[in-house]
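The values are calculated or read from the model by the stated rules, or taken from the named source; none is laboratory data. Computed from a prediction, not measured in an experiment: that's the story for all the values here. For neighbour counting, all protein chains shown are included, and Cβ atoms are generated from backbone atoms with ideal geometry for every residue, glycine included.
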Amino acid sequence: MNRMLCRIICMVYILILGAGGVRVSWGADKPYYIGPGDMLEISVWKDDSLSRQVLVPPDGVISFPLIGDVNITRMTVTDLRKVVTSKLKDYIPDPTVTVMLMQINSLKAYVIGKVNKPGVFPIDLNTNVMQILSMAGGLNPFASPNSIFILRTKGGKSIKIPFHYSDVEDGEHLEENIVLKRGDVVVVP
């Protein structure tokens, strides 16, 4: 009876999660890419020795039994499931691999300068500049609201994106209220 119940639960689990994997996404055009600090659970159905939680290290290279190192840079959960499944086929006939994102720890942005609570803030794929400034307790009285900028790393270089708080607050130049990306730094002089 236990074995049958386990099979039923696993089958339901696989059906619910879309054939053994999860695609974490916030909209069709915004897939979530696994990042350093994220906690994953990778398991192979009917093989407990190949089930484990993996913390993604800063270099983005995880290690998994039988297949060795996998660079997960710019991979979604679905991409990782496909790679692990493909590499395990050399050792296991028709493996059913599940990859679950257990904790998201890599989506962070920073606010520094003249705000009430500067620091590191967890974000999602839709957090914009006004929202993170709100998380930081708003601007303090000494801030220069129209001199704010966002530092973003793009292609290995830092770029500076201007943000005019007063304009956006008044409903003007709303295009400046950009969605933040992993690692952005909002500077409030």
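Residues of region 113-152 being among the hydroxyl-bearing types (Ser, Thr, Tyr), touching a residue at least 40 places away in the same chain (Cβ under 8 Å) and farther than 11 Å from Val188 by Cα, which ones? If you could, list the steps in order and put the result at the bottom.
As a first pass, look at region 113-152 and keep what is among the hydroxyl-bearing types (Ser, Thr, Tyr): 127, 134, 144, 147.
Remaining after also requiring touching a residue at least 40 places away in the same chain (Cβ under 8 Å): 127, 144, 147.
Passing the criteria: only Thr127.
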When residues of region 46-60 are limited to those that are surrounded by 14 or more Cβ atoms within 10 Å (Cβ to Cβ) and of a type in the set (A, V, I, L, M, F, W, C), the one farthest from Lys108 (Cα to Cα): Leu50
Failed item, numbered, when Val185 is tested on (1) of a type in the set (A, V, I, L, M); (2) surrounded by fewer than 16 Cβ atoms within 10 Å (Cβ to Cβ); (3) touching a residue at least 40 places away in the same chain (Cβ under 8 Å): (2)
Number of the condition not met by Lys87 [criteria: (1) in the same structural domain as Gly37 (by TED's automatic domain parsing); (2) of a type outside the set (Asp, Glu); (3) free of Cβ contacts under 8 Å to residues at least 12 places away in the same chain]: (3)
Failed item in (1) surrounded by fewer than 17 Cβ atoms within 10 Å (Cβ to Cβ); (2) under 26 Å from Tyr33 (Cα atoms); (3) not hydrophobic (A, V, I, L, M, F, W, C), with Arg152 passing the rest: (1)
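Residues are listed down the side, and each one gets a yes or a no for (1) hydrophobic (A, V, I, L, M, F, W, C); (2) at pLDDT 95 or above:
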residue: Cys10; (1), (2): yes, no
residue: Gly21; (1), (2): no, no
residue: Met39; (1), (2): yes, yes
residue: Arg81; (1), (2): no, yes
residue: Thr85; (1), (2): no, yes
residue: Ser106; (1), (2): no, no
Count of residues meeting criterion [closer than 17 Å to Ala109 by Cα and assigned to a loop (DSSP other than H, G, I, E, B)] in region 157-188: 7
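From the list Ser134, Ser166, Ser158, Ser144, exactly one residue is closer than 21 Å to Pro58 by Cβ and hydroxyl-bearing (Ser, Thr, Tyr). Which is it? Give the derivation first.
Numbers: Ser134 fails: closer than 21 Å to Pro58 by Cβ; Ser166 fails: closer than 21 Å to Pro58 by Cβ; Ser144 fails: closer than 21 Å to Pro58 by Cβ.
The match here is Ser158.
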Any pair with Cβ under 6 angstrom, 6 or more apart, that starts in region 28-45 at a residue that is acidic (Asp, Glu) and surrounded by 15 or more Cβ atoms within 10 Å (Cβ to Cβ) and ends at one that is modelled with pLDDT under 95 and assigned to a loop (DSSP other than H, G, I, E, B): Asp38/Ile104; Asp38/Asn105; Asp38/Ser106
